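Colleague: Below you will find the structure I want to go over with you.
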Amino acid sequence: MIEVLAGTGLASAAGLNAYIPLVVLGALGRWTSFVELPAAWQWLSNGWVLTVLVVLLVLDVVADKVPVVDSIHDVLQTVVRPVSGGIAFGAGAGSQTVVTQDPGAFFTSGSWIPVAVGLVLALGVHLTKSTTRVAVTATTGGTLTPVVSTVEDASSIGLSLAALLAPVLVLVGLVLLAWTAVRWRRRRRRQPGNDAAAGGDDSPPAAA
């Protein structure tokens, strides 16, 4: 159960930011004793891999805070974040399935299931994030985009650390994320539509 919560937290974090959970996993696995990566996932703690991930993380953080650019970025991340979620879930749940001598065995043995679960979780969070971001942009004109993006990054960091250090807290984090998404979507629905302008007085002027 703990392993599942850890994988769930990491995959959900990847749905918010593809690189944060991988950097956290790799860094803690390389420099601390808190995380012992399975043999198949040791590459995450490789120095060159971590360097590349950090560079991608910086680019991601910057792009996600620029209105309009963030929307294009979210489209591109529709592939990246689920893949990251699959890796994060597999590593976090202790699944040693990525490296295999027989690729066919990866599917027939059921070893692919943790990766698939992580992919689906990350995709779900990513889609929720994207629709929420649209709501934020619509209600604030993009002025809150940097703030919301920063909150999402902080949430990804929090979920990643909670998944590895206190997995039970993952449930709390997911509830808060769901509540925030629902709140923004309801707020968007309450915004007046473009029909307000069309609803003006179109009657002809009174005769003099």
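Colleague: Contour minus end-to-end for ALA166 and SER71, with contour as 0.36 nm per residue of separation and end-to-end as the Cα-Cα distance?
Modeller: Full extension of this stretch gives 30.9 nm more.
Colleague: Take the Cα of ALA116, step 7 Å along the line toward its Cβ, and report every residue of the range 57-79 whose backbone nitrogen sits under 20 Å from that point.
Modeller: It comes to 79, nothing else.
Colleague: Can you tell me the FRET efficiency between PHE34 and THR139 if r is taken as the Cβ-Cβ distance and R0 is 41 Å, rounded to the nearest 0.05?
Modeller: The calculated FRET efficiency here is 0.55.
Colleague: Using the beta-carbon distance between ALA154 and TRP43 and R0 = 35 Å, what value does 1/(1 + (r/R0)^6) give for FRET efficiency, to the nearest 0.05? Don't skip to the end; give the middle numbers.
Modeller: Working: r = 27 Å, r/R0 = 0.77.
It comes to 0.80.
Colleague: Going highest first, how would you order 80-93, 115-128, 6-19 by mean Cβ packing within 10 Å? Show your work: numbers first, answer last.
Modeller: Details: 80-93: 27.0, 115-128: 21.6, 6-19: 29.2.
Packing proxy ranking, top to bottom: 6-19, 80-93, 115-128.
Colleague: Would you please classify the overall shape of the range 115-164 from the alpha carbon gyration tensor, given that a ≥ b ≥ c denote the square roots of the eigenvalues, rounded means a/c under 1.5, and beyond that prolate means a/b larger than b/c while oblate covers the rest?
Modeller: Oblate shape, in that a/c is at least 1.5 and b/c is the bigger or equal ratio.
None of the figures in this text is laboratory data; all of them are computed from the coordinates on show. Source: prediction; values computed, not measured. As a convention, Cβ positions derive from the backbone with ideal geometry for all residues, glycine included, and neighbour counts pool all protein chains shown.
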